[in-house]
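As structure tokens, the structure follows; a few thoughts come after it.
The values are calculated or read from the model by the stated rules, or taken from the named source; none is laboratory data. Quantities reported herein were computed from a predicted structural model and do not represent experimental measurements. FYI the Cβ positions are ideal-geometry reconstructions off the backbone, even for glycines, and counts take in every protein chain you see. Remember, those area values only see protein heavy atoms, side chains included, never the ligands or the DNA or RNA. Shrake-Rupley method; radii C 1.70, N 1.55, O 1.52, S 1.80 Å.
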Amino acid sequence: MKTKSLFSLTIALLALAGCSENEITEQNPDANKAIGFNTYTAAQARGAENGLPDVKTSGFGVMAYQTNGAYTPAGAKSEFMNNQKVTWNGSGNAWEYTPSKFWPSGTNDKVSFFAYAPYAGSNGITLVSADASNNPQVNFSLQSNQKDMIDLVVSDPMDGSNGTMDMTSASGTVDFKFLHPLTRVAMEAKTGTDISANTDTKVFITAVSLVHTSKLNSKGTLDMKALTWASNTSDYLASPYALTAASSNGILNLTAASFAGYTTSSIDISSGGTTATSLFPANEYLFLLPVDNATGTAAAGDVQVKIEYDIVNKTSAATHTASNVEKTVNLPAGVLKKGTAYKFTFTVSLNAISFDVTTVEGWGTESNQPVTVP
């Protein structure tokens, strides 16, 4: 999975005006103003953390609605832009869309804008236009391949500094502030005892799964104005939901071990000592639909993680003994919230074999046994 981390980035998206003067019916000085965009976001477009280069590759989409007066979710609205794609022109060093759109000039005309990235394609994103009763929506499905999971971002239409609702030509450019409506997960593991200097014992993570009962959705519908996910009681990830190998379009960084004849596909967490080792490739994350929007899990154990690992002891250069261990641990309450990144660190406890002398039996009283030497 490609990853993305939250960082502040600003990109100017200027729309090119391509209409001639005789195409403009209104002669109001504001009527021939092309609509331009600005956006700032930590835009992460795939399972791995993605920045501006990925947004330039995928583009972003805009939904816009013209109203006579203020926009209301349950009110008349005319479609002004329907999933308008904005793309990067590398040679011109500018963002473009076509055909160019111009501000309406009616006294009460207003336009409200909603945006998302990456642009919809074969990535589980489909758009639903607003109607007289609803805001525009994003229908979102998690990718089957964990490596291809999408880090969806959507604009915040009600942001205090640059809201995109009820705009007119006097508003200037349309500034989109993008937010992350999913939840991001990283995982790492370490040993409770430092065995990095031990050449005869190693610990290998062999499997990781998420366990839940109707908590982790595979599909969701996001309201692009309220920025909330609708309740979905039918589409869930399997339980257990196994994290698959990165080499097979998954996220778990499994590689063939090479230790005293032990060759299992696994992750060696021994060499770091008590410093945690990432279970995912560098800068890659698991992106999931949040649990109950900004609330997260209601109780500890609503979502669990099952970890399998081998403790391998070297018996000769080419032989070993291995103990397979399977543990299921509870994630705490209040995790997997919307727009929140988590790093779960698992500590594998080791029970070293040691020796102790608890009792030394006394010899007792000497028994004097006479022996006659003939």
Taking the conditions exactly as written (among the hydroxyl-bearing types (Ser, Thr, Tyr) and either within 20 Å of Leu182 (Cβ to Cβ) or surrounded by fewer than 16 Cβ atoms within 10 Å (Cβ to Cβ) (or both)), does Ser239 satisfy them or not? yes
Return the residues of segment 319-336 that are open to solvent by 40 Å² or more (accessible area, probe 1.4 Å), out of contact with any Ser or Thr (no Cβ under 6 Å at 6 or more places or on another chain) and farther than 17 Å from Thr201 by Cα; say none if nothing qualifies. Glu326, Lys327, Thr328, Val329, Asn330, Pro332
Conditions first: (1) buried (at least 22 other Cβ atoms within 10 Å of the Cβ); (2) without any contact (Cβ under 8 Å) to a residue 12 or more places away in the chain; (3) not aromatic (Phe, Trp, Tyr). Ser171 passes all but one, so which condition is the exception? (1)
Quick test for you: out of Val329, Val373, pick the one residue that is among the aliphatic types (A, V, I, L, M) and either modelled with pLDDT of 95 or more or over 25 Å from the mean Cα position of the chain (by Cα) (or both). Val373
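Quick check on my filter: what residues within segment 214-258 are in a strand (DSSP E or B), within 26 Å of Ala294 (Cβ to Cβ) and of a type in the set (Gly, Ala, Ser)? Lay out the reasoning, then the answer.
To start, the set of residues in segment 214-258 that are in a strand (DSSP E or B) comprises 217, 219-223, 229, 236, 241-242, 245, 252, 255-256.
The next check asks that each one be within 26 Å of Ala294 (Cβ to Cβ); those that pass are 217, 219-223, 229, 236, 241.
Passing the criteria: only Gly220.
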